[in-house]
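All remarks here apply to the structure that follows.
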Amino acid sequence: MNQTTSKAAGHTQISYTVTFSEAQAHYADIEMDITGLKQNILDLKLPVWTPGSYLVREFAKNVESFGAEGNGKPLDAKKTRKNIWRMHTENISSVKIKYRVYAFELSVRTSYVDVSHGFLSSSGVFMYPDGMLMHPSTIHIVPYKDWTKVSTSLEMVNGDPFTLHSPNYDILFDSPIEVGNQDVFGFDAAGVKYAVAMCGGGNYDKERLKKDMPVIVEQETAIYGENPNKHYVFIVHNSSKGGGGLEHLSSTVLGVSRDNYGTEKGYQGFLSLVAHEHFHLWNVKRLRPIALGPFDYDNENYTTDLWIAEGFTAYYQDIIIRRTNLYPLDNYLGVLAADINYVANQPGNKIQSLADASYDAWIKYYRPNENSINTNISYYNKGSIMAMMFDLEIISDTNGKYSLDDVMRYMYNTYYKTKKRGYTDTEFKQGLEKFSGKNLDDFYKKYIYGLADIDYDKYLGYAGYHLTDELAGTNEPNLGVITTTAGGKITVSNVLRSTTAWIDGINVNDEITAIDGNKVMDMASILTGKKPGDKITVSLVRDGLTLSLPVTLLKKTQVKYKIDSLARVTPQQMEVRKKWLKL
C-alpha cells in the first residue's frame, strides 16, 4: 500500500447491508457504502479462494447486477480482471455499490441461501477496496421474513446481533455468518464461551454434546497451554448428505448428515470432526506455514507443509478423542489402521511425495479425476501417519519426557506468539529435532520428499504394537477396477495402476457385461473359481460399442492391516504406550 492510499484509507468508512429480497431464488443482495474517499481510482476486489480450502473457486462468477453511485450520481464501473471492478473517483468522497450474489452451493466453504436460512461464506460475498485489507468495516444483516438469529464470531455492535463489526478483512473473510432460525446452545470450556448453531435439524442430543464437546476443548487447550479466544462458534450444517469442515480463527463450519448422531459410529465421527476443526484454531490459524499469511486473495498461496497443517491435525483429532475416553482404545487403533491401509493401498503413494501433495493441492487434491487414485496421496492421511511416527519416536527417545505435544507448544509459542510469523519448512524440522534429539535429514529425505516404504512396525514397536495383514497368505486374483452400479449396469469408475485391468486395457466408463460369456450380475462373485495366471475374456460396452478383451488375471496385492499387541511387551514399551495413549 503506498503512502497516499494509506492516508486516504485512514479516513475511509466502509459498511455493508445484506438483504435477501429473493431468498427463494438463492440471492443475497449486498449494498456497500464507502465514505471519506480521497483517491482518483477505486478498485473493488473479491477473493478468488477462501483460506483453508486450497482451490481457486472464482467467487466472482456468482456476482451479478453490479452498479455504483458516486456522491449520489451514477458512476461508471469497468471490470479490469476477473475479480476487480474499477471506478474513477476524482472529487468523489462517497460511493454506494450494489451487487447480488447467487448462493446455492451448500458446503462448508461456499454460500447458500434459501427461505429457511442464509449462510454467508464471507470471502465469496464481501468485496473490499484494493489497498485497504487492514481497514475495519460494519456489516448490517436484514433478515428474511421470520429469521431471528445470527451466528458468527464477529463482534456485535451495541449488542445488536444483526449489526457486526470486523476490524479488518482478514478477520471478515475468516468469519462466516449464519442467519436463520438455527438451534443455538452453548457451554463454557477453557475459559471460553462456546456456541453451537445447529442448522437443518438432526437427531443430535444437545445435553450429550454439551457434556462431551467441552472435554475435547479442554484436552486440546492443554496441549498449547492457552485458548486464545474469548468466544468461539461451531456452525453445523445438518443435511441429508453432509460432510467436511472448514476452520476459522474463532469459529468453524461443519457439514454433517443429520441422522448420523443416532449411532455410536456416527456420533464418534462427529466428535472427531469437532476435534479436527477446533484443533485448527492453533495449528494453521495461528501456528502456520509462512506462506499462509498474510494472504494473497487474488492467487494461489503455495506451501509444501499442508502435511503438517492438515495431517498433524488429522492425527490429533483421533488421539484427542482417545485421550478423552470418548471412545474405546480399540476404536482408536482401528482408525489408525484405516489410515495405514488407505496409504498402503493407494497407488499414488508410489508417485507423489508428501511435500508435492501439499504444494499441488491447488491443482490436484481439490480437482480429483478418475486417475487421481493412481497419481495422488492425501496429505491428510499420510501426514497423520507422519505425526504418529514423530510422536512415538519422541516419546521413546526421551523415555516419556517429551512427546509431539511439546513440539506443537514450542512452535506455537516461538513463531505465533514471539516471532509473530509463520514457520518455514526448515524451522518446523528444527522444532521436531529439538525434542527428538536427533537429526531428521534422512527421515525427511525418505518420507517427506521421497517415496520410501514406511517401516510401520518400527514405530508401532516403540509402544509394543505391530501390524498384522489379514490378507497375508491369500492367493486371490483381482481385476483391479472400482465400479459403480446403476440401472443394472456395472460401470468402471477407476482402474488401479499395475493391475490386471491397467495392463490389459480395461478403461474407465467401460460397462462390464460378461466374463467368459457368463453375464455379470455383481462384482463380488465375478472371479469365483478363478486364480492368478488364469486367462479370461471380459465382455464390455465402450462408447456404445461391444468388445471382448483377453485378460490375464494377476494376484490381488491389497493389504488389510490391523494393529495387534506384541506377544511380549517390555516395561519400556508399556511406558511408551501409556504416555502415547494416555492409558
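The values are calculated or read from the model by the stated rules, or taken from the named source; none is laboratory data. Everything numeric in this text was worked out from a predicted model, so none of it was measured. Note: ideal-geometry Cβ built from the backbone for every residue, glycine included; neighbour counts use all protein chains shown.
Go through (1) of a type outside the set (Phe, Trp, Tyr); (2) farther than 16 Å from residue 343 by Cβ; (3) over 21 Å from the mean Cα position of the chain (by Cα); (4) assigned to a helix (DSSP H, G or I) and name the single condition residue 408 misses.
Only one criterion in (1) of a type outside the set (Phe, Trp, Tyr); (2) farther than 16 Å from residue 343 by Cβ; (3) over 21 Å from the mean Cα position of the chain (by Cα); (4) assigned to a helix (DSSP H, G or I) is unmet by residue 408, namely (3).
Does residue 379 fit the bill of being assigned to a loop (DSSP other than H, G, I, E, B), closer than 25 Å to residue 302 by Cα and touching a helix residue (DSSP H, G or I) at 6+ places or on another chain (Cβ under 9 Å)? So that I can check it myself, show each step before the final result.
Numbers: assigned to a loop (DSSP other than H, G, I, E, B): yes; closer than 25 Å to residue 302 by Cα: yes; touching a helix residue (DSSP H, G or I) at 6+ places or on another chain (Cβ under 9 Å): yes.
Taking the combined requirement at face value, the residue satisfies it.
Which residues, taken from the stretch 22-40, are over 28 Å from residue 104 (Cβ atoms), touching a strand residue (DSSP E or B) at 6+ places or on another chain (Cβ under 8 Å) and in a loop (DSSP other than H, G, I, E, B)? It would help to see each step written out before you state the result.
Going through the stretch 22-40, the residues over 28 Å from residue 104 (Cβ atoms) turn out to be 34-40.
Okay, now just the ones that are also touching a strand residue (DSSP E or B) at 6+ places or on another chain (Cβ under 8 Å), so 34-37, 40.
Those that are over 28 Å from residue 104 (Cβ atoms), touching a strand residue (DSSP E or B) at 6+ places or on another chain (Cβ under 8 Å) and in a loop (DSSP other than H, G, I, E, B): 36, 37, 40.
Return only the number of the condition from (1) surrounded by fewer than 17 Cβ atoms within 10 Å (Cβ to Cβ); (2) closer than 30 Å to residue 493 by Cβ that residue 328 does not satisfy.
Of the numbered conditions (1) surrounded by fewer than 17 Cβ atoms within 10 Å (Cβ to Cβ); (2) closer than 30 Å to residue 493 by Cβ, the odd one out for residue 328 is (2).
Just need a number here: residues in the stretch 35-67 that are of a type in the set (Val, Ile, Thr) and more than 34 Å from the chain's Cα centre (by Cα).
So in the stretch 35-67, the residues of a type in the set (Val, Ile, Thr) come out as 35, 41, 48, 50, 56, 63.
Within this subset, residues satisfying the condition of being more than 34 Å from the chain's Cα centre (by Cα) are 35, 41.
Of the residues in that region, 2 qualify.
Restricting to the stretch 68-78, and then to whatever is part of a strand (DSSP E or B) and exposed (fewer than 13 other Cβ atoms within 10 Å of the Cβ), can you tell me which residue is farthest from the chain's Cα centre (by Cα)?
Initial filter on the stretch 68-78 (part of a strand (DSSP E or B)): 68-70, 73-75, 78.
Now narrow it down to the ones that are exposed (fewer than 13 other Cβ atoms within 10 Å of the Cβ): 73-74, 78.
Details: 73: 44, 74: 42, 78: 35 Å.
Ranking the qualifying residues of the stretch 68-78, first place goes to 73.
Here is a yes/no grid of residues against (1) closer than 25 Å to residue 107 by Cβ; (2) crowded, with 17+ Cβ neighbours inside 10 Å; (3) in contact (Cβ under 8 Å) with a residue 40 or more places away in the chain:
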residue: 142; (1), (2), (3): yes, no, yes
residue: 150; (1), (2), (3): yes, yes, no
residue: 160; (1), (2), (3): no, no, no
residue: 166; (1), (2), (3): yes, yes, no
residue: 173; (1), (2), (3): yes, yes, yes
residue: 178; (1), (2), (3): yes, yes, yes
residue: 181; (1), (2), (3): yes, no, yes
residue: 188; (1), (2), (3): no, no, no
residue: 193; (1), (2), (3): no, no, no
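Could you run through the stretch 437-451 and say how many residues are within 30 Å of the chain's Cα centre (by Cα) and surrounded by fewer than 12 Cβ atoms within 10 Å (Cβ to Cβ)? Break it down into steps so the answer makes sense when it comes.
Going through the stretch 437-451, the residues within 30 Å of the chain's Cα centre (by Cα) turn out to be 440-451.
Checking which are surrounded by fewer than 12 Cβ atoms within 10 Å (Cβ to Cβ) leaves us with 441-442, 445.
So the answer is 3.
In the list 188, 130, which residue meets the criterion of being acidic (Asp, Glu) and either under 28 Å from residue 266 (Cα atoms) or modelled with pLDDT under 95 (or both)?
188
Among what's in the stretch 128-140 and is hydrophobic (A, V, I, L, M, F, W, C) and either surrounded by 22 or more Cβ atoms within 10 Å (Cβ to Cβ) or in contact with a helix residue (DSSP H, G or I) (Cβ under 7 Å, 6 or more places away or on another chain) (or both), pick the residue that is farthest from residue 47 (Cα to Cα).
Of the residues in the stretch 128-140, the ones hydrophobic (A, V, I, L, M, F, W, C) are 132-134, 139.
Subset that is either surrounded by 22 or more Cβ atoms within 10 Å (Cβ to Cβ) or in contact with a helix residue (DSSP H, G or I) (Cβ under 7 Å, 6 or more places away or on another chain) (or both): 132-133, 139.
Details: 132: 13, 133: 11, 139: 18 Å.
In this case the residue turns out to be 139.
Of the residues that make up the stretch 537-556, is at least one on the phi < 0 side of the Ramachandran plot, in a loop (DSSP other than H, G, I, E, B) and of a type outside the set (A, V, I, L, M)?
Applying the first criterion (on the phi < 0 side of the Ramachandran plot) to the stretch 537-556 yields 537-542, 545-556.
Retained after the next criterion (residues that are in a loop (DSSP other than H, G, I, E, B)): 553, 556.
When the remaining residues are screened for being of a type outside the set (A, V, I, L, M), the result is 556.
Yes, the conditions are met somewhere in the stretch 537-556.
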